[in-house]
Amino acid sequence: MIAFVKKYEGLWLFVHSPAAIIAALVAVLTFLGAAFAPWIALVNPYDLASFSLFDGLLPPTWLDGANPKFILGTDDQGRDMISSILYGARLSLVIGLSALSIAAVLGVGLGLAAGYYGGRFDAIVMRIADVQLALPAILTALLIDGIARGILPASIQQDLRVAVLTLAIALSLWVNFARTARASTFVQMNKEYVQAAIMMGQRPIRVMFVHILPNILGPLLVIMTVDLASAILLEATLSFLGIGLPADSPSLGTLIRVGMQFLLSGEWWILWIPTLFLVALVVSINILGDFLRDIFNPRLR
Amino acid sequence: MVYFILKRMIQSVFVMLTVAFLAFSLFRFVGDPITQMTGVETSVEDQERLREELGLNDPFVYQFTRFTGDMLKGDFGFSYRTRQPVAEMIASRIPATLELGVVALIISLLVGIPAGVYTALKPRGVLTQTILMTTLVGVSIPTFVIGIMLIFIFGVQLGWLPTFGRGGTVQIGGWESSLFSFDGWRALLLPAITLGVYQLTLTMRLVRAEMMEVMRSDYIRFAMARGVPTASLHYRHALANTMVPVITIIGLQFGGVIAFSIVTESVFQWPGMGLLFLESIRFVDIPVMGVYLVVIAFFFVLVNLVVDLLYVAIDPRLRIRDVS
């Protein structure tokens, strides 16, 4: 009975937390919308033939002079705002999730190894982590982007923008994973099951990934949610600064940068709708992260 | 005490050397400096002669030593893009960024510390819940969105404040300051608030956590039992001990302030170092990128050194440990 209650405790807490439910709803809807963007979006923002200049600058439907076809209005090129946001969210999430995966694999791998082997290897990894922690993520990402611009030949740079951006974000986020994985591994190393596995002569790789990893997944999951929000924010910021993606493949940050041009004129929706959407998405992911942390860390409750 | 200061200084020098090494590697290995300096019509022989003259064929360690030596003498090389000395370019941008950063930090402390104390002392209050909820949303709003929102409200809708540039500046011995004119302050206000908001939430959360910790400690309970007046208990006994970690955090926040000043400066077209750094990335102007790193690291190390010394001055326990 107690085991039963414990197993479903997280679910019970979730059902009784309206903030978590709303946040999960926003996040899931965004993920679905982004995943199925090519099928549900009215127009394809990358395909010049699918929209028309004659539909340009239409306001959202609740204002005068709107076309009921475009619920949230259109931008100056006649692109439907909802479609742009769906495609933008798609790009932002693809970059965010890939960067997060790279950061997680790199960070967890190094953290596990540092915790397992300890000694000099641990010291080296942690010093690198310390140095990088002193540099704010945005600065790291900007630097990596700048280096990539210097190294890569100009001809292939445009094609590799997404890859460079993803790598820049990934390399500025791995530290969190490494530190958390290392600290948790240290705790597990003293447990009998790990000692037993080592005694049995199992290979280090197997001990790390089959025995230790499943037992430290909780805190890593929390880091993952929080860092997904950071990755999306980083991507948006870099694109807003004009360092990220070019204007013809708009992510959420690029949409906001383009929308800035309409700050002084009356077309507020071109700027504020993508902005509101970005903030809602990030707030939702952060709320979910806080919620997960509470579940895995009952002391804080 | 002397030993402690000396140890910190040696550490700082080591950090600076690491950063200088990073800047040097950037300059040396990202793109070829010779192709940057010469045109297409320069012959291969001329390029090789220039390479030899500039000492780019010398051993690595020798080159790095010379690079560091030049930096210590204040010679930071020339920009690939503008052909001007990098030292001048950066120096002319330092006042703008420092004034912005310091004012932002002051805003974050002036609002963050009282808010943190209040939310710690009244954890169940309605106002506390409101503040905590606002900061959760505040952390999730990117800096550039906060900037756009402020521009929209105060610049466009109300028309009270300028939305770009530094406004009227006053020259004081080569330091171009916007702190001495009304116009300058008007231009500074929005960027400084934008930059301060994120730091503010950090300061507040830290002060709150620290204050709650202290309020639970034995000496506060004892003072309570002794009948120390509540105000004195809160502000003399508890707050004084809360301040020690807060000072350390200010040092760490400085790095964040500088990094996010890149974003803020871009939103407000504030002519500081961050804007210069962004331009240098866009045009792959490696010397400017490298020197920016070194200058930022220098300020960071300097602030943290001062913070460490302050720490010793404030917390007597750190001085005792030294004796043993």
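The values are calculated or read from the model by the stated rules, or taken from the named source; none is laboratory data. Computed from a prediction, not measured in an experiment: that's the story for all the values here. Quick reminder, even Gly has a Cβ in these numbers, built from the backbone with ideal geometry, and neighbours come from all protein chains shown.
Among the residues of segment A:232-243, some residue qualifies, meaning at least one is within 30 Å of residue A:149 (Cα to Cα), assigned to a helix (DSSP H, G or I), modelled with pLDDT of 85 or more and of a type in the set (Ser, Thr, Tyr). For segment A:29-61, enumerate the residues that are closer than 17 Å to residue A:268 by Cα and either modelled with pLDDT of 70 or more or under 30 Å from the mean Cα position of the chain (by Cα) (or both). Across segment A:29-61, the qualifying residues are A:59, A:60.
From the list B:167, B:196, B:155, the lone residue that is within 20 Å of residue B:265 (Cα to Cα), among the small types (Gly, Ala, Ser) and within 14 Å of chain A (Cβ to nearest Cβ) is B:155. Residues that are closer than 30 Å to residue B:34 by Cβ and either among the small types (Gly, Ala, Ser) or touching a strand residue (DSSP E or B) at 6+ places or on another chain (Cβ under 7 Å) (or both) within segment A:147-192 comprise A:148, A:150, A:154, A:155, A:163, A:168, listed in sequence order. The residue list B:25, B:43, B:79 contains one member that is touching an Asp or Glu at 6+ places or on another chain (Cβ under 7 Å) and more than 30 Å from residue B:309 (Cα to Cα), which is B:79. Among residues that are within 22 Å of the chain's Cα centre (by Cα), in contact (Cβ under 8 Å) with a residue 60 or more places away in the chain and farther than 18 Å from residue B:194 by Cα, residue B:107 is not included. Taking the numbered list (1) more than 14 Å from chain B (Cβ to nearest Cβ); (2) touching a helix residue (DSSP H, G or I) at 6+ places or on another chain (Cβ under 7 Å); (3) over 20 Å from residue A:103 (Cα atoms) in turn, residue A:185 passes all entries but (3).
No other residue among B:112, B:138 is within 14 Å of chain A (Cβ to nearest Cβ) and either buried (at least 19 other Cβ atoms within 10 Å of the Cβ) or small (Gly, Ala, Ser) (or both) apart from B:138.
The rows are residues; the columns are (1) surrounded by fewer than 19 Cβ atoms within 10 Å (Cβ to Cβ); (2) at the interface with chain B (Cβ under 10 Å from one of its Cβ atoms).
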residue	(1), (2)
A:110	no, no
A:116	no, no
A:124	yes, no
A:129	no, no
A:133	yes, yes
A:137	no, yes
A:149	no, yes
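Residues considered: A:96, A:107, A:111. Of these, the only one that is touching a Ser or Thr at 6+ places or on another chain (Cβ under 7 Å) and farther than 30 Å from residue A:59 by Cα is A:111. The condition of being at pLDDT below 85, closer than 14 Å to residue A:91 by Cβ and within 14 Å of chain B (Cβ to nearest Cβ) holds for only one of A:289, A:266, A:259, A:253, that being A:253. Of the helices (runs of 4 or more DSSP H) lying entirely inside segment B:211-317, those carrying at least 1 residues that are closer than 29 Å to residue A:146 by Cβ, in contact with a Leu (Cβ under 9 Å, 6 or more places away or on another chain) and within 14 Å of chain A (Cβ to nearest Cβ) are B:239-268, B:273-282, B:286-314.
Put simply, of A:224, A:260 the only residue that is touching a residue at least 40 places away in the same chain (Cβ under 8 Å) and of a type in the set (A, V, I, L, M, F, W, C) is A:224. Going by the conditions given, is residue A:265 crowded, with 19+ Cβ neighbours inside 10 Å and of a type in the set (Gly, Ala, Ser)? So residue A:265 fails the test.
Table: residues versus (1) in contact (Cβ under 8 Å) with a residue 12 or more places away in the chain; (2) closer than 27 Å to residue B:283 by Cα; (3) surrounded by 11 or more Cβ atoms within 10 Å (Cβ to Cβ); (4) touching a helix residue (DSSP H, G or I) at 6+ places or on another chain (Cβ under 7 Å).
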| residue | (1), (2), (3), (4) |
| --- | --- |
| B:7 | no, no, yes, no |
| B:11 | no, no, yes, no |
| B:26 | yes, yes, yes, yes |
| B:62 | no, no, no, no |
| B:70 | no, yes, yes, no |
| B:85 | no, yes, yes, no |
| B:90 | yes, yes, yes, yes |
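Per this entry, residue B:87 is counted among residues that are part of a helix (DSSP H, G or I) and either at pLDDT below 85 or not assigned by TED's automatic domain parsing to the domain that holds residue B:167 (or both). Considering segment B:92-104 alone, what residues qualify as being buried (at least 17 other Cβ atoms within 10 Å of the Cβ) and farther than 15 Å from residue B:198 by Cβ? Result: B:93, B:95, B:96, B:97, B:98, B:99.
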